[in-house]
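Visitor: Here it is: the structure, laid out below.
The values are calculated or read from the model by the stated rules, or taken from the named source; none is laboratory data. For clarity, every value in this text was computed on a predicted model and none was experimentally measured. Counting neighbours? That spans all protein chains shown, and the Cβs are built from the backbone with ideal geometry, glycine included. Side chains are part of the model used for accessible areas, which takes the heavy atoms of the whole protein and leaves out ligands, DNA and RNA. Shrake-Rupley method; radii C 1.70, N 1.55, O 1.52, S 1.80 Å.
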Amino acid sequence: MKTKNITFKTFTKQLSWIFILLLSVTIISCNSSNKQDNNKEELAEDLQEVQEDVNAILEKEKEELKKEVDSAITDFNEQLYIYEDQLKQGTKQVSTETKNLVEELKVKRDSLAVQVNEAQEHGAQNWEEFKEELKHDTENFKESVAAFFEDNK
């Protein structure tokens, strides 16, 4: 009987150790899973913050580009107003070629206005390409305006 008791006690101890071991593994596993969930949540929050930062930068660039284009258009409109006023007063004579150049500049102005309004529709994927194209078009427009009004003083 004594042997049965010792065997039973040993078996009970072994069973207890196995139970403790399984319990420990379960707890560690749960903690690991919780840590992974926490890491995923932190990564999701970080990703959201980065996305918000990118959107803020993109909006700032769009606003700056819009201001630049609007400034070029406003400058042209002011110079054109003065020029057309001089034509009405008869202090300037224009050829058909000059009238055509004015019309071309008006078309470029309108095209820039449309492009800058489309800027709000462009996302981050093709923004850089669009921005460079619009900057190039704006610079060409400014140069054309400056050359025209320099030639037609």
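Visitor: Output the peptides 84-92, 102-110 sorted from most to least packed, where packing is the average of other Cβ atoms within 10 Å over each peptide's residues.
Guide: Descending packing order for the listed peptides: 102-110, 84-92.
Visitor: With +1 on each Lys and Arg Cβ and -1 on each Asp and Glu Cβ, and nothing else charged, work out how big the dipole of the stretch 55-152 is about its Cα centre, in Debye to the nearest 20.
Guide: 360
Visitor: Right, next: So which of K66/K135; K60/K131; K88/K142; K66/K142; K66/K153 end up more than 22 Å apart by C-alpha? The partial results should precede the final answer.
Guide: Working: K66/K135 10 Å; K60/K131 12 Å; K88/K142 25 Å; K66/K142 15 Å; K66/K153 29 Å.
Checking Cα-Cα distances, K88/K142; K66/K153 exceed 22 Å.
Visitor: Follow-up question, since we're still on this one. So, how do all the Cα-to-Cα distances of the stretch 55-152 break down into 10 Å bins, in percent, from 0 on up?
Guide: Distribution as computed: 14, 43, 24, 14, 5, 0 percent.
Visitor: Then there's this: Grab the beta carbon distance between D85 and E128, set R0 = 30 Å, and tell me the FRET efficiency rounded to 0.05. Walk me through the numbers before you get to the answer.
Guide: Details: r = 41 Å, r/R0 = 1.36.
Result of the calculation: an efficiency of 0.15.
Visitor: At 1.4 Å probe radius, can you tell me the per residue accessible area of the stretch 38-129 in Å²?
Guide: Each residue of the stretch 38-129 exposes 73 Å² on average to a 1.4 Å probe.
Visitor: Pull out the extension gain between K99 and D53, defined as 0.36 nm times the separation in residues minus the alpha carbon to alpha carbon distance; nm, one decimal.
Guide: Residue separation times 0.36 nm, minus the Cα-Cα distance, leaves 11.8 nm.
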